[in-house]
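Each value in this text was obtained by applying a stated rule to the coordinates, not by laboratory testing. This is a predicted model, so every value here is computed, not measured. Cβ placement follows ideal geometry from the backbone for every residue including glycine, while neighbour counts extend to all protein chains displayed.
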């Protein structure tokens, strides 16, 4: 058995390879143990505190810690072997890159935990809605910045000349700019939304035929939930060159109702009809405003035209108020014998002797 373990194999004995494999397996077990410790002991300790931030922090570090300890254990295993210098350097660069990426992963998850556990409650308690719009951008921007820096450091530790790579990107900068022109346009469209603030999260808007509630304003696009419940993603560049109707900011909703009474109505009946329209709108109370217009405005082909203009106050249910007004008009007109007209045609015949 001793002679078998002492046999050379690719520059090392079988025993040395076995020791290295044992260290690698042990590092995985240590990583798993660290995972269960952070999930067990630390979580029990954090549950005793009132804040949820520490719970989020524990949830974020367990995965990266396993990767970090495993990478470190693999490096220790490699060090127990005799390898060619170029192979040894390659493995060391790979381990360094893995450790840097593990730390980057941890920092990115820590940033998410800080946003969810610290910044989001502060934003929810503030009176302004601008921070509600900026928080998703801050989350993505911070996470992207962490990963960009981490990847640069990892590539540098892996032996790549990062500055030469960046300089090489400059050669194709023009082509990249042409390919990214839509992204740039969407970015400036998002900047316009945040500066001009034509709408905010939670507002109901109408743009390009889409009617919905703004759920999220991002750097590249804005998401709406339409009245039918579907989600629509609209590029921010569309808001720079398209009219946007912000229904949530309107002081009231103007309603125009055209009615037609039959031609056998007397002048007093027409006057009574307009008085009824004023009374019906006034009966809606705070759901409608006082400025009501009702006028006898046309002699139509088959009806005497009356136009009613009234305003539904902000916050009232538009459909419910219109339904109540229309039902009341129909009931009052029927009760007083004011007959609604419908398309008719009278044909006069002349007898020829």
Could you pull the Cα extents of segment 182-248 along its three principal axes, largest to smallest, in whole Å?
31, 20, 18
Using a Förster distance of 25 Å, the FRET efficiency for residue 137-residue 249 (Cβ separation, nearest 0.05)
0.65
Using label points projected 7 Å from each Cα along Cα→Cβ, tell me how many nm separate residue 282 and residue 230, to one decimal.
4.6 nm
Fully extended, how many nm does the chain gain between residue 36 and residue 299 (0.36 nm per residue separation, minus their Cα-Cα distance)?
86.2 nm
Roughly speaking, what is the stretch gain from residue 314 to residue 208, that is 0.36 nm per residue apart minus the C-alpha to C-alpha distance, in nm to one decimal?
35.8 nm
With r defined as the distance between the Cβ atoms of residue 76 and residue 112 and R0 fixed at 22 Å, what FRET efficiency is calculated, to the nearest 0.05?
0.10
In nm², the average projected area of the convex hull spanned by the Cα atoms of segment 247-353 is 8.6 nm²
Using only alpha carbon pairs under 8 Å that are at least six residues apart, calculate the relative contact order of segment 182-248 and give it in whole percent.
37 percent
Set the Förster radius R0 to 45 Å, insert the Cβ-Cβ distance between residue 215 and residue 350 as r into 1/(1 + (r/R0)^6), and round the FRET efficiency to 0.05.
0.10
